[in-house]
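Take a look at the structure below.
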Amino acid sequence: MSSSIFRKNLAWVAEQTQADPHVFTGIGKTPDPRILWIGCSDNPHSSLEIAPFGREGCLVHRNLGNQVSAQDANLLATLAYAIDSLQIERIVVCGHYGCHCLRHVLRGKALGAADYWSSPIRSLFRQHRRQLDEIVSEEAQIQTLCELNVRMQVRNLAEHPLVEARLAVGSLKIDGAMWSARDGLLRDPGIAGPRTPRPSRRASAASADMMTAP
């Protein structure tokens, strides 16, 4: 490993301990995370930099385009661990304006081996092509596509059986968020999962069977 990486780590540790001499001594004593943060691997800033969680703790998963995909075994394992083992109370799907993955999708550029992974976002772009074409600025188009993507991922998350079961009893909340590198601010685009308990698909099916039974 490059020695410059170690030098940068030492400089970072010095900066952190200068601000708080006990910053690292308390890390091992923090309780289990209460939040699962699903972010984009293209965002160079960590969730702890964007929104320091303190004693709430945070479990982090990242992938290209902050996607919630049934094909992502890593995400599914993280989700199961977060819900079944940690009993997390909130999931945040955080996109970021200016995402390079979404910029390439908007411009129709190939992503090589990542093309298969980005195919759901490409489908989303085609679905909203007319809406996006009405926006003059490319930056505004990307901003809109980023928000549409977070909305889709929140919807995908809410439909996952593990999440759906927790939503049904009101013990889990889902939020969508957007972060901007221009000012460092985290924004609420008004995207969230169901806020009130709702019957799961299994319960709904059982209820429907009862209604149709002779």
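Structure above, values below:
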read-out	value
Enumeration of residues in the range 1-58 that are out of contact with any Leu (no Cβ under 8 Å at 6 or more places or on another chain), modelled with pLDDT under 75 and not in a loop (DSSP other than H, G, I, E, B)	27, 28, 29, 47, 48, 49, 54, 55, 56
The lone exception for residue 153 - which of (1) at pLDDT below 95; (2) not in a loop (DSSP other than H, G, I, E, B) it fails	(1)
Residue that is surrounded by the fewest Cβ atoms within 10 Å (Cβ to Cβ), among those in the range 107-163 that are farther than 25 Å from residue 76 by Cβ and among the β-branched types (Val, Ile, Thr)	136
Filtered residues of the range 64-80 (kept if free of Cβ contacts under 8 Å to residues at least 60 places away in the same chain and in contact with a Ser or Thr (Cβ under 7 Å, 6 or more places away or on another chain))	64, 75
Condition check for residue 148: closer than 17 Å to residue 65 by Cα, over 16 Å from the mean Cα position of the chain (by Cα) and at pLDDT 95 or above	no
Complete set of residues in the range 112-133 that are among the hydrophobic types (A, V, I, L, M, F, W, C) and in contact with a Leu (Cβ under 7 Å, 6 or more places away or on another chain)	114, 117, 121, 124, 125, 132
Top-ranked residue in the range 88-104 [being under 19 Å from the mean Cα position of the chain (by Cα) and assigned to a helix (DSSP H, G or I); ranked as surrounded by the most Cβ atoms within 10 Å (Cβ to Cβ)]	102
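The values are calculated or read from the model by the stated rules, or taken from the named source; none is laboratory data. All values reported here derive from a predicted model rather than from experimental measurement. Here Cβ is always computed from backbone atoms with ideal geometry, including for glycine, and neighbour counts include all displayed protein chains.
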